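The values are calculated or read from the model by the stated rules, or taken from the named source; none is laboratory data. What you see is a predicted model, and the numbers here were worked out from it, not measured in a lab. We place every Cβ from the backbone using ideal geometry, glycine too, and count neighbours over all the protein chains shown.
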Amino acid sequence: MCIHLSDDDSRALDLILNGRHQPSGGFAVGVMPASGGRDPLMPARAAAVRAILDVVGAMPTGEPAPDLVARTMRHIERHARPPISPSDTAMAMPPPVV
């Protein structure tokens with residue numbers, strides 16, 4: 001399932017994750033909401049986002065899979081670009097301007 005946030009909800013989430021919205025419902029000193037302070041619903045949106053994040057944060061965390069490191073390394077190796085040799089670098093660079 002893919003859920004898309006509205007622009008306003010996305011801004012509220014950004015404010016929370018960037019530490020700009022205070023739990024008291026206000027904004028950090030010197031920080032204006034992305035809407036320029038004209039959205040009267042932003043404090044309520046931010047409070048709702050914070051409540052959801054608090055619920056998610058209270059959920060128990062499981063132990064990572066024992067093969068997590070091995071799977072991660074395989075993924076990196078599959079998607080890594082081959083190393084660039086010095087000759088490839090020299091060929092890719094434009095000639096010097098004299």
Only one of (1) surrounded by 10 or more Cβ atoms within 10 Å (Cβ to Cβ); (2) modelled with pLDDT under 80; (3) polar (S, T, N, Q) fails for Ser24. Which number is that?
-> (1)
Failed item in (1) more than 21 Å from the chain's Cα centre (by Cα); (2) assigned to a helix (DSSP H, G or I); (3) not aliphatic (A, V, I, L, M), with Arg81 passing the rest = (2)
Would it be correct to say that Val31 is surrounded by 10 or more Cβ atoms within 10 Å (Cβ to Cβ) and modelled with pLDDT under 80?
-> yes
